[in-house]
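Report on the structure given below.
The values are calculated or read from the model by the stated rules, or taken from the named source; none is laboratory data. Here the structure is a predicted model, which means the values were calculated and not measured. Ideal geometry is used to build each Cβ from the backbone, glycine not excepted, and the neighbour counts take in all protein chains shown. In case anyone asks, the SASA skips ligands and DNA or RNA and just uses the protein heavy atoms, side chains included. Shrake-Rupley method; radii C 1.70, N 1.55, O 1.52, S 1.80 Å.
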Amino acid sequence: IIYANNYGVTGAINFLGKKHNLPTAFSGHNSHYFWPPKNASGNVIIVVGGHKDNHLKIFREVIEMDRTQHPYAMPHENNKPIYICRGIKQPLEKVWPTTKKFI
């Protein structure tokens, strides 16, 4: 799965990613929190945004693979790290409640 730290990035991935066969993106931001991933192990997750140190609290391995960049993106949405996170330390069902961010 893909996890993004806000609903805008999540929506863009889900809308634009279809033609590239990307997996569904999820987020704990606002109403997206109420649509958690189902039947996903969480063993490997692509995470857009956040900080490596925070992700290492949840995963055994976190590798920054790239950064977001697009000329039409909002400036605060560019240069976000894109991580491959492996080896979730707890079941995803237990981690999911910690993603809730209502702002």
Check: Which members of the stretch 33-55 meet the condition of being of a type in the set (S, T, N, Q) and at pLDDT below 95?
Finding: Asn39, Ser41, Asn43
Next item on the list: Within the stretch 27-36, track down each residue that is surrounded by 11 or more Cβ atoms within 10 Å (Cβ to Cβ) and either within 13 Å of the chain's Cα centre (by Cα) or of a type in the set (A, V, I, L, M, F, W, C) (or both).
Entry: Ser27, Gly28, His29, His32, Tyr33, Trp35, Pro36
Notebook entry, point to check: Mind checking which residues of the stretch 37-57 are open to solvent by 40 Å² or more (accessible area, probe 1.4 Å) and closer than 17 Å to Ile1 by Cα?
Noted result: Lys38, Asn39, Ser41, Asn43, Val44, Ile46
Notebook entry, point to check: Which residues, counting only those in the stretch 1-50, are closer than 23 Å to Arg86 by Cβ, without any contact (Cβ under 8 Å) to a residue 24 or more places away in the chain and not charged (D, E, K, R)?
Noted result: Thr10, Asn14, Gly17, His20, Asn21, Leu22, Pro23, Thr24, Asn39
Next item on the list: For the stretch 58-103, name all the residues that are open to solvent by less than 70 Å² (accessible area, probe 1.4 Å) and in contact with a Pro (Cβ under 7 Å, 6 or more places away or on another chain).
Entry: Leu92, Trp96
